[in-house]
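Every number in this text was worked out from the coordinates using simple rules, so none of it is lab data. None of the values given here were measured: they were computed from a predicted structure. Using ideal geometry, Cβ is built from the backbone for each residue, glycine included, and neighbour counts are taken over all protein chains shown.
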């Protein structure tokens with residue numbers, strides 16, 4: 001997941017991610033990183049998508065009113 005996150009978050013190539021993993025002692029081919037990205041990107045998108053809430057579940061304040069000096 002870390003390799004997929006690096007690829008998606010930073011503008012890295014598959015070979016760059018391969019080199020970063022090699023620096024950490026993991027021998028992974030760039031094609032494997034490509035397959036991981038294809039497989040796990042939809043799962044990550046679903047995980048970070050905000051949940052839909054029912055109406056009235058939350059409210060937000062857009063503006064505030066402050067009375068100054070009376």
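Below, the figures for the structure above:
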| read-out | value |
| --- | --- |
| Approximate spin-label separation residue 15-residue 49, in nm, with each point projected 7 Å along Cα-to-Cβ | 3.5 nm |
| Size of segment 2-48 as Cα extents on the principal axes (Å, biggest first) | 30, 18, 16 |
| Relative exposure of 23, 63, 18, judged by other C-beta atoms within 10 Å (fewest first) | 63, 23, 18 |
| Spacing of the two label points (7 Å from each Cα toward its C-beta) at residue 6 and residue 68, in nm | 5.1 nm |
